[in-house]
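For reference, the structure discussed in these notes is given below.
The values are calculated or read from the model by the stated rules, or taken from the named source; none is laboratory data. This structure is a prediction, so every number in the text was calculated from the model and none was measured. Here the Cβ is made from the backbone with ideal geometry for all residues, glycine too, and neighbour counts use every protein chain on show.
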Amino acid sequence: MEKTVEPAITLLGKEEDENESFKRMFLDAIDETLKHFFNDVAVGAIYFYMEKTCCLRKEEIAGKPEAFSACLHRLMGAGALVIEDRILKTLCSKLGLQSAQESTGTFSERIVELRRSRVP
């Protein structure tokens with residue numbers, strides 16, 4: 001039986017699809033979490049603050065978790081830790097993984113770990 005090898009372009013396409021899928025899930029987890037704690041107007045104000053004060057557009061958040069975390073801490077102070085923890089739990093649920101509580105590290109480090117576990 002002959003072994004088939006997928007072309008590199010196909011493999012790259014799958015990796016890009018997985019990466020886009022992770023980004024969507026991450027942004028969905030952020031939206032769900034913010035809407036859990038705040039109403040729609042407040043969520044819109046948070047995204048507006050991030051864009052105007054931190055130069056971080058909503059579409060960029062998934063690629064810049066460290067900047068997102070820094071901006072969230074700047075806006076929410078210690079309350080950002082509660083929001084980050086909820087985002088991680090929501091994201092883990094979306095990925096079908098156990099809770100992220102066992103993991104150590106900063107929020108952005110944990111997001112990178114989750115991305116690596118999801119994207120080949």
Residue selected from the range 71-101 under the condition over 14 Å from the mean Cα position of the chain (by Cα) and of a type in the set (Gly, Ala, Ser), by the criterion nearest to Glu20 (Cα to Cα) = Gly96
Answer residue from the range 69-96, given it is touching a Leu at 6+ places or on another chain (Cβ under 7 Å) and aliphatic (A, V, I, L, M) and is farthest from Met50 (Cα to Cα) among those = Leu95
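Going by the structure shown, is Glu51 charged (D, E, K, R) and at pLDDT 95 or above? So that I can check it myself, show each step before the final result.
Working: charged (D, E, K, R): yes; at pLDDT 95 or above: yes.
Taking the combined requirement at face value, the residue satisfies it.
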